[in-house]
Amino acid sequence: MKSRRKFIQQLSLPVILLPFASAAASEKSLPYDGPVLRVALLGLGGYARMVADAMQNCQKAKLVALISGTPAKLEAWGKKYNVAPENRYSYETVDQIASNPNIDAVYIITPNSLHKPFALQIAKTGKHVIVEKPMALNANEGQEMIDACKKAGVQLLVGYRMHFEPKTLEVVRMRQAGEFGKILFFQGLSGFIIGDPTQWRLKKDMAGGGSMMDIGIYSINGARYMIGEEPIWVTAQETKTNPEKFKEGVDETIQFQLGFPSGAVASCLSTYSLNNLDKFFLNGTKGFAEMQPSTGYGPIKGRTNKGELNYPHVTHQTVQMDEFASILLEGKQPLIPVDGAEGLRDLKIVDAIYQAVKTGKKVSLG
Ligand code: NDP
């Protein structure tokens, strides 16, 4: 088997791609004696399962505790992931983690409406808070979470897994280096056909909206990290082909446009009514980048005017959790932020998009 150093050298990784280096280093056989982030998962659903599986290959982060409203899951997941009974909690006993010195952070992976209440509760226990996207139902809630974590002296991170994906980082590096020239245009297409009409994603009180909260947020976030600026205005239009399934306040399809200080514009689509819709396109005066798929679990595929992006596929959640460990334990600054302020920037744009849909007017972002 190749040594880690040789493996990394052969890939000629630029410094910027360190997240990939940590993925390579995540091979279990490699010795690692640095600090390890001890993580509790809160809400044992579909995505938490993916995170738990991915964490089995982490080097710097370890799944040590489980928090669930379903006793049978605590039992089954506890056995599967080797989590001792004393590290399994219900929502009634979760405050007791405050006196468990073996937990550093809690990763909240519940329906969106529970992100804020659980974040406030976890912050009070003195543990770092990691929360899934969207960070909260709206910007006011996001701000409350930031304030609560600050007051409690804990850090707040949002599960933006694409911020560590190697091909994404390479495009950002090229844009920062001026290789695409002056950026003038971004297109983000994010969607899938949503199934079960009874699921929480289609309930406004639990999801906060519809496709925009769930999948459209990838295009918002992508427009920001691809262009490298914060938008100053938003326009948006909603289309609804199935008002029965997508009730008032639950958006099916929204087209939206973002304007940036440099003059660049983004044109995006968020929908729950089209599959195979996962594409980013960035265009500047000297070149372009095209990624399709751009935000799915991968492999991400991409090319620029200089050719294919040939970085190997990594398991996003493995790299994310190793990187989160470096951020929380060693103060590492990621190339694209993943803190509460980053989550809040997206929520402010989501709020503005909903306002633009409602009023039909261009909304300024202050
Ligand atoms: P699921 O419905 O599969 O799981 C949510 C879990 O939350 C449930 O299994 C349950 O776990 C817990 N829960 C607590 N209270 C409730 C309640 N009142 N109703 C329903 N569930 C409850 O959702 P997902 O895992 O798909 O999504 C969870 C979060 O993760 C969302 O915010 C979503 O946006 C995000 N996500 C992020 C992805 C990414 O790529 N970054 C991908 C998919 C989702 P228990 O039984 O243990 O209490």
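The values are calculated or read from the model by the stated rules, or taken from the named source; none is laboratory data. All values derive from a computational prediction rather than experimental measurement. Neighbour counts run over all protein chains shown; Cβ positions are idealised from the backbone, glycine included.
Please find, among P35, P31, P85, the residue that is modelled with pLDDT under 95 and surrounded by fewer than 17 Cβ atoms within 10 Å (Cβ to Cβ).
Numbers: P35 fails: modelled with pLDDT under 95; P85 fails: modelled with pLDDT under 95.
Exactly one of P35, P31, P85 is modelled with pLDDT under 95 and surrounded by fewer than 17 Cβ atoms within 10 Å (Cβ to Cβ), namely P31.
Suppose we filter K62, K79 for residues that are under 15 Å from F324 (Cα atoms) and at pLDDT 95 or above; which single one remains? Only one candidate qualifies: K62. Exactly one residue out of A72, A136 is within 15 Å of the ligand (Cβ to nearest atom), assigned to a helix (DSSP H, G or I) and not assigned by TED's automatic domain parsing to the domain that holds G216, and it is A72.
With respect to N102, determine if the residue is more than 12 Å from the ligand (Cβ to nearest atom), at positive phi, modelled with pLDDT of 95 or more and more than 19 Å from the chain's Cα centre (by Cα).
Working: more than 12 Å from the ligand (Cβ to nearest atom): yes; at positive phi: no; modelled with pLDDT of 95 or more: yes; more than 19 Å from the chain's Cα centre (by Cα): yes.
Criteria not met by N102.
The set of residues from the range 99-108 being more than 12 Å from L42 (Cβ to Cβ) and either of a type outside the set (G, A, S) or surrounded by 13 or more Cβ atoms within 10 Å (Cβ to Cβ) (or both) comprises N100, P101, N102, D104. Within the range 130-164, being among the aliphatic types (A, V, I, L, M) and under 10 Å from the mean Cα position of the chain (by Cα) holds for V131, M135, L157, V158, M162. Number of residues in the range 28-50 that are within 25 Å of S99 (Cα to Cα), within 16 Å of the ligand (Cβ to nearest atom) and outside any strand (DSSP E or B) equals 3. Among the residues of the range 58-69, the one identified as within 12 Å of the ligand (Cβ to nearest atom) and surrounded by fewer than 22 Cβ atoms within 10 Å (Cβ to Cβ) is G69. Exactly one residue among S273, S267 is more than 21 Å from the chain's Cα centre (by Cα) and assigned by TED's automatic domain parsing to the domain that holds I349, and that residue is S273.
Every condition in (1) of a type in the set (A, V, I, L, M); (2) assigned by TED's automatic domain parsing to the domain that holds I254; (3) more than 29 Å from C58 (Cα to Cα) holds for M174 except the one numbered (3). Reported count of residues in the range 207-238, each being assigned to a helix (DSSP H, G or I), of a type in the set (F, W, Y) and in contact with a strand residue (DSSP E or B) (Cβ under 9 Å, 6 or more places away or on another chain), is 1.
I'd like the full set of residues that are among the small types (G, A, S) and not in a helix (DSSP H, G or I), limited to the range 84-117.
Result: A84, S90, A105.
Sub-8 Å Cβ pairs linking a first residue in the range 123-138 that is within 13 Å of L347 (Cβ to Cβ) to a second residue that is acidic (D, E) and more than 14 Å from the ligand (Cβ to nearest atom), at least 6 apart or interchain, are A136/E144; N138/D351, ordered by first then second residue. Filtered by the rule that a residue be under 13 Å from G209 (Cβ atoms), surrounded by 12 or more Cβ atoms within 10 Å (Cβ to Cβ) and among the charged types (D, E, K, R), the range 348-366 gives a lone residue, D351.
Kindly evaluate K79 against the criterion of being touching a residue at least 12 places away in the same chain (Cβ under 8 Å) and of a type in the set (K, R). Spell out the reasoning first.
Working: touching a residue at least 12 places away in the same chain (Cβ under 8 Å): no; of a type in the set (K, R): yes.
For K79, the condition - touching a residue at least 12 places away in the same chain (Cβ under 8 Å) and of a type in the set (K, R) - is not met.
The rows are residues; the columns are (1) free of Cβ contacts under 8 Å to residues at least 40 places away in the same chain; (2) more than 25 Å from N275 (Cβ to Cβ); (3) within 16 Å of the ligand (Cβ to nearest atom).
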| residue | (1), (2), (3) |
| --- | --- |
| V158 | no, yes, yes |
| R161 | no, no, yes |
| V172 | no, yes, no |
| F180 | no, yes, no |
| G191 | no, no, yes |
| G195 | yes, no, yes |
| S211 | no, no, yes |
| D214 | no, no, yes |
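Screening F256 with (1) under 19 Å from I227 (Cα atoms); (2) among the aromatic types (F, W, Y); (3) in contact with a Lys or Arg (Cβ under 9 Å, 6 or more places away or on another chain) gives one miss only, at (3).
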